[in-house]
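The block underneath contains the structure these notes are about, expressed in structure tokens.
Throughout, read-outs are computed from the coordinates displayed, never taken from laboratory work. Quick caveat: nothing in here was measured; it's all calculated off a predicted structure. Reconstructed Cβ throughout: ideal geometry from the backbone, glycine too, with neighbour counts over all protein chains shown.
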Amino acid sequence: MNKEGRRNSIQSVQLPKQSKNHFCRKLTMAGGGEVGFRVRRMEAEMVHGINDDNKEKNKYHYYYLSNLDQNIAVVMKTVHVYKAVEGKSTEDVCRVMKDGLAKVLEYYYPCEGTLTVSQEGKLIVRCDGRGVPFVEAVADCDLYVLGDISIPDPEKLMKLVYQLPEHLNIFEAPLVTVQVTKFKCGGYVLGMAKNHCLSDGMAVVEFLRSWAEMARGLPLSVPPVLDRSIQLPRSPPKIEFHHDEFTEVEDVSNLTDLYKGEELQHRCFTFNVDKLTTLKEMAMQDGTVESCTSFVVLTAFTWRARTKALKMGPGQKTKLLFAVDGRRKMEPPLPAGFYGNGIILACCLCDAGELLNRPLSYAVELVQNTIKNTTDGYIRSVIDYFEITRARPSLTGTLLITAWNRLGLRLSDFGWGEAAQTGPAELPQKEVAFFLPHAKELKSLVLVLGLPASCMNQFEELVEDIGQ
């Protein structure tokens, strides 16, 4: 792109400045010392798709969001760490990524818009061509200061994600923001915030891959499919299944007071091949379950261990929510490159007493049956359920697991190799736990979750007791 083209696609705007205190924090390193960590942000620029004709054509029209997009209008903030490449300067990394973003937004134009509410009372995107804020930043240290980013540490990692003023609501905030931070060692970090109603994790990976291809001067290997009409509700809508994810659970164990009264601690736990194998053996030892995947057994174990650590009473209803990819389960299947939310929040619900008094195989079987029963008919019923009720999942007594370990978030190469680490900058809600890939061990899983301080120690003991 020539200089004139870049001026047309990138517009400088004055956005609120952050205070100096926001950028400074003392980090205790493994060696015992403290390292100052400061980030200096430049003025944000608004990046637009490079095709002015396309932008004008789409300006001010409304982009449909399906019923599966409505319940997850939360902002997901991720960091992607790229190490320096010997003999290859990253001096122009911001320019390369900014130009690549302008090119890819021609295909992903809804990312430039803002949310509004349709006449039917649903979220839709107003394609007003607002653009994507792009911030260049510089850190005064090397990448090693970040350490292992498996544990979401907002005080540290949110320096690497551009933060909008807190007073902005979801209708005023941009749908995507980007920050690229260069480190003294030559490495850099991509920090991205994206409203989940635009797309799920798999679509984010496709967006990043497309952006990286554009940045390297390559054509898109998988152009996005923006049409979400395949997810339209039926006419008339028809609820054919019971949807426990929307069931209101009574807090008979005073969990609300527990969370309010104690500090929330976040920890990560690595489950290597040996520990995962042990869990599978535990699940299969009574003969109820013949086999299970690492995802299923770790999901079941985490649900039981968290329930016990929170000291839920035997009569407390406890709910497990986890994402099931519906792309291939729908009929017809969602097309390759589908940009949107193709996931369904699958649900298991039972009494805490039953969950804890029965063996691990009981929870494993619940998870397996829930996955098996997530069919095209069930997905259509979910879509129609929202059409009729406008209900949102209740989170009382709930664990919500989101698995990022198979997404391939590290694979995007903007010209300096794939990411060394990726992960969330923060956990969006206290009920959420993440499965992340291990930085070095391909078959290991990293569990990240938050619990009240008094409960975290017991959860840790339950992990340590596996196989004992």
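Across segment 290-303, in residue order, what do the Karplus-derived ³J(HN,Hα) couplings come to in whole Hz, using 6.51 cos²θ - 1.76 cosθ + 1.60 with θ = phi - 60° and x for Gly and Pro?
My calculation for segment 290-303 gives 7, 7, 7, 7, 4, 4, 5, 5, 6, 4, 4, 4, 4, 4 Hz in order.
Residue 350's amide H: which non-local residues (gap 5+, or another chain) put their own amide H closer than 5 Å, with H modeled 1.01 Å from N in plane and none for Pro or chain starts?
Result for residue 350 returns 318.
Relative to the Cα centre, what is the charge dipole magnitude of the chain, using +1 at the beta carbon of each Lys and Arg, -1 at the beta carbon of each Asp and Glu, and rounding to the nearest 20 debye? Present the calculation step by step, with values, prior to reporting the outcome.
Numbers: 55 positive and 58 negative charges, 206 e Å.
Computed about the Cα centre, the dipole is about 980 debye.
Could you run the Karplus curve 6.51 cos²θ - 1.76 cosθ + 1.60 with θ = phi - 60° over segment 123-129 and give me ³J(HN,Hα) per residue in whole Hz, x for Gly and Pro?
In residue order, the calculated couplings are 6, 9, 9, 8, 7, 9, x Hz.
Counting other beta carbons within 10 Å of each residue's own, what order do 319, 372, 275 fall into, fewest first?
Working: 319 22, 372 9, 275 18.
Final ranking by Cβ density, sparse to dense: 372, 275, 319.
Expressed in nm to one decimal, what extension gain is obtained for the pair residue 358 and residue 116 from 0.36 nm per residue of sequence separation less their Cα-Cα distance?
Numbers: separation 242, 0.36 × 242 = 87.12 nm, distance 4.69 nm.
Contour length minus Cα-Cα distance gives 82.4 nm.
Of the chymotrypsin sites (Phe, Trp or Tyr not before Pro) in segment 132-175, which ones lie in a loop per DSSP and count no more than 12 other C-beta atoms within 10 Å?
171
Quick one: which residues, 5 or more positions from residue 438 or on another chain, have an amide H under 5 Å from its amide H? H modelled 1.01 Å from N in the peptide plane, none for Pro or chain starts.
Long-range HN contacts for residue 438: 444, 446.
Give the residue from 100, 178, 335 lying farthest towards the positive end of the charge dipole for the chain; charges sit on Cβ (+1 for Lys and Arg, -1 for Asp and Glu) and the dipole is referred to the Cα centre.
My answer, from the dipole projection, is 100.
Through the Karplus equation 6.51 cos²θ - 1.76 cosθ + 1.60, θ set to phi - 60°, convert the phi angles of segment 173-179 into ³J(HN,Hα) values in whole Hz; use x for Gly and Pro.
Coupling constants for segment 173-179: 7, x, 7, 9, 10, 9, 9 Hz.
What residues qualify as long-range amide H neighbours of residue 161, i.e. H under 5 Å apart, gap of 5 or more or another chain, H built at 1.01 Å from N?
Amide H neighbours of residue 161: none.
Candidates (1) 75; (2) 41; (3) 45; which is the computed percent of Cα pairs over 31 Å apart?
(3)
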